[in-house]
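Only one structure is covered here, and it is reproduced in the block below.
The values are calculated or read from the model by the stated rules, or taken from the named source; none is laboratory data. Not measured: the values here are computed from a predicted model. Quick reminder, even Gly has a Cβ in these numbers, built from the backbone with ideal geometry, and neighbours come from all protein chains shown.
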Amino acid sequence: MKRDDIIFDLIDREKERQISGIELIASENFASEQVMAAMGSVLTNKYAEGLPGKRYYGGCEVVDEVENLAIERLKELFGAAWANVQPHSGAQANAAVMLAVLKPGDKILGFDLSHGGHLTHGSPVNFSGKLYKPTFYGVEQETGLIDFDKVVETARKEKPQLIIAGASAYSREWDYKKLRAVADEIGALLMADISHPSGLIAKGKLDDPIKHCHIVTTTTHKTLRGPRGGVIMMGEDFENPWGLKTPKGKTRMMSSLLDSGVFPGTQGGPLEHVIAAKAIAFGEALTPEYDAYTTQVQKNAQEMAKHFLAKGYKIISGGTDNHMMLIDLRSKNLTGKIAENTLIKADITINKNMVPFDDKSPFVTSGMRVGTAAVTTRGLKEADMGKIVDFIDRVLMNHENDAEIANVKEEINAWMRQFPLFKA
Ligand code: PLP
């Protein structure tokens, strides 16, 4: 077969883009070469519907070993008692959980998308808002923080079947303990979607949801630095609260319901090449090097926040506990759309983002979200964060001056080439 030069040339162009720019999209990272090699391996050829040891296809002996290793490493990493590593993405993991634990029309309580939540936590354009009845909590306007006492009040009033903790753009700690107490009080299940900070949580840099939540989901490609994908975990397996029985009359455990939520509930064959890459990433995350990486991600975020504040930018909640921050650009007379479109001309990638109580549309927005997971993988340290903020400020303060933006781009391209793209 002829090599598909068109596509490989595009891949080379994308590699060049990644090497020469500053990547600040909070949900992105650079996976290691061995993680990528596993994704491009012969495991992509294998069908393996079912679970290790219980497949609907023959020839699964090898992929069974791969998937068992992924499960065991993930359990070790988070101190989980049970895990399913098959979800193709974070959205798929959440869909599988909801299919397993809810009936259509049941009520869910999640973090408002316009305050930093995720589509799969009840947005009307997503399955979660179409199949279930969504209710929301948000942040306080004055502080930018979630008031967990108010979330408890909302939970008592709304009595949802499922409470969801977790966000795409919230830079502070979560009070999982308080949420579990109210979940128990009203007979709800508590799920934490830790897609963004999961790498920091795995290394004990943030509060541990596994101890408090019935179910935890995460993507594997953000701070966790693995392949694109999702997983579901539990701190302990427990009997389902709905009294569902197996055909032999035994009570079905939650793990069994969740496994069925993934397959056959919402997916077909698992992506064993991606599961192998997940196993590698979990192995990497178990090392002291990754522990040091997560410490650096957090330090870099705190340092970056300091520099933004020093230049008069408004950070929602005034700072960050994790790897990201949300910046309200209204005090600089800019929109998220202008910031995103201008910064990209200098090879700085961020994303425009709604800020809480935003007066602009999701296509324009008043904010930008930035994160340090990717630049930290490239080897940048605290001392580099001031330089990045200087570049951003120069571009934004000269957003109509193409010559100055071109100067910044040239400096950035020369600087970033010193930092390898992939971890050895
Ligand atoms: N949950 C949260 C909190 C997220 O931030 C994201 C992605 O940004 C997802 C779920 C969905 O992950 P995926 O894009 O892998 O479906």
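In this entry, residue 334 passes the filter for residues that are in contact (Cβ under 8 Å) with a residue 60 or more places away in the chain and assigned to a loop (DSSP other than H, G, I, E, B). Against the test of being at pLDDT 95 or above and either outside the structural domain of residue 367 (by the TED database) or farther than 21 Å from residue 196 by Cβ (or both), the options 305, 310 yield a single qualifying residue, 310.
Matching residues to (1) in contact with a strand residue (DSSP E or B) (Cβ under 7 Å, 6 or more places away or on another chain); (2) assigned by the TED database to the domain that holds residue 112; (3) more than 21 Å from residue 311 (Cα to Cα):
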| residue | (1), (2), (3) |
| --- | --- |
| 328 | yes, no, no |
| 363 | no, no, yes |
| 377 | no, no, yes |
| 381 | no, no, no |
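Here is a check on your reading of the model: is residue 131 in contact (Cβ under 8 Å) with a residue 60 or more places away in the chain and more than 12 Å from the ligand (Cβ to nearest atom)? So residue 131 fails the test. When residue 231 is tested against (1) within 21 Å of residue 120 (Cβ to Cβ); (2) in a helix (DSSP H, G or I); (3) hydrophobic (A, V, I, L, M, F, W, C), just one condition goes unmet, and that condition is (2). From the list 274, 262, the lone residue that is within 16 Å of the ligand (Cβ to nearest atom) and either touching a strand residue (DSSP E or B) at 6+ places or on another chain (Cβ under 8 Å) or of a type in the set (Lys, Arg) (or both) is 262.
State all residues of segment 229-259 that are within 17 Å of residue 90 (Cα to Cα) and away from the ligand (no atom under 16 Å from the Cβ); if no residue qualifies, say none.
The initial filter retains those residues of segment 229-259 that are within 17 Å of residue 90 (Cα to Cα), namely 229-234, 258-259.
Across segment 229-259, the qualifying residues are 234, 258, 259.
Of everything in segment 200-214 that is away from the ligand (no atom under 13 Å from the Cβ) and outside any loop (DSSP other than H, G, I, E, B), the residue that is nearest to the chain's Cα centre (by Cα) is 200. So which of 172, 180, 73 is in contact with a Ser or Thr (Cβ under 6 Å, 6 or more places away or on another chain) and among the charged types (D, E, K, R)? That would be 172, the only listed residue that is in contact with a Ser or Thr (Cβ under 6 Å, 6 or more places away or on another chain) and among the charged types (D, E, K, R).
Test residue 94 against the stated conditions and say whether it is of a type outside the set (Ser, Thr, Tyr), in a helix (DSSP H, G or I), modelled with pLDDT of 95 or more and under 16 Å from residue 217 (Cβ atoms). Yes; evaluated as a whole, the condition is true for this residue.
Would segment 179-199 turn up any residue that is farther than 24 Å from residue 135 by Cα, part of a helix (DSSP H, G or I) and assigned by the TED database to the domain that holds residue 88? Yes. It is to be established whether one or more residues within segment 140-157 are within 16 Å of the ligand (Cβ to nearest atom) and either closer than 15 Å to residue 107 by Cβ or in a helix (DSSP H, G or I) (or both). No: segment 140-157 contains no residue that is within 16 Å of the ligand (Cβ to nearest atom) and either closer than 15 Å to residue 107 by Cβ or in a helix (DSSP H, G or I) (or both). Go through (1) surrounded by fewer than 17 Cβ atoms within 10 Å (Cβ to Cβ); (2) in contact with a strand residue (DSSP E or B) (Cβ under 6 Å, 6 or more places away or on another chain) and name the single condition residue 353 misses. Failed condition: (1).
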